[in-house]
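Since the structure comes first, as structure tokens, the remarks are kept for the end.
Readers should treat all values here as calculations from the given coordinates under stated rules, not as data from a laboratory. As the structure is a prediction and not an experimental result, all values here were calculated from the model. All Cβ positions, glycine included, derive from the backbone under ideal geometry; neighbour counts span all protein chains shown.
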Amino acid sequence: MKLKIYVEETFTTTANREHIEIDTDNYPELEGMTEDEISDYIDEHVWDMKPTDEGIYSSLGEELSDQSIYDEHIGGEETEFYVEAI
């Protein structure tokens, strides 16, 4: 029997980007929220929130995603071998 032998490798990449600072006075939607509530709100609405630099970015999410990477880690390697009869 002839076989094709395959390998599939999976990696997890984590990239941490530089932070930006916002003033909650410029984000009335955050008024009265705790730090945890703000974190949850930003996680859910970051693509709809105004950026700090409206001349360049269309959303806070876009601005954050454009920041420089200061730390990167590749881990979670998984290798799987499988065969297929030909």
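Observations, loosely collected:
- Think of the chain as having a plus end and a minus end, set by charges on the Cβ of Lys, Arg, Asp and Glu; of 7, 76, 33, 7 sits farthest toward the positive end of this dipole.
- Dipole of the chain, positive end: most advanced residue of 67, 85, 46 [Cβ charges, Cα centre]: 85
- Taking Cα centre as origin and charging only the Cβ of basic (Lys, Arg, +1) and acidic (Asp, Glu, -1) residues, the dipole magnitude of the stretch 10-59 rounds to 360 debye.
- The local environment of residue 14, defined by Cβ-Cβ distances under 10 Å, has a net charge of -2 under the rule Lys, Arg +1 and Asp, Glu -1.
- Of interest is the spacing of the C-alpha centroids, which for the stretch 26-86 and the stretch 1-25 amounts to 13 Å.
- Using alpha-carbon coordinates, inclination of helix 35-45 to the longest axis of the chain, degrees: 60
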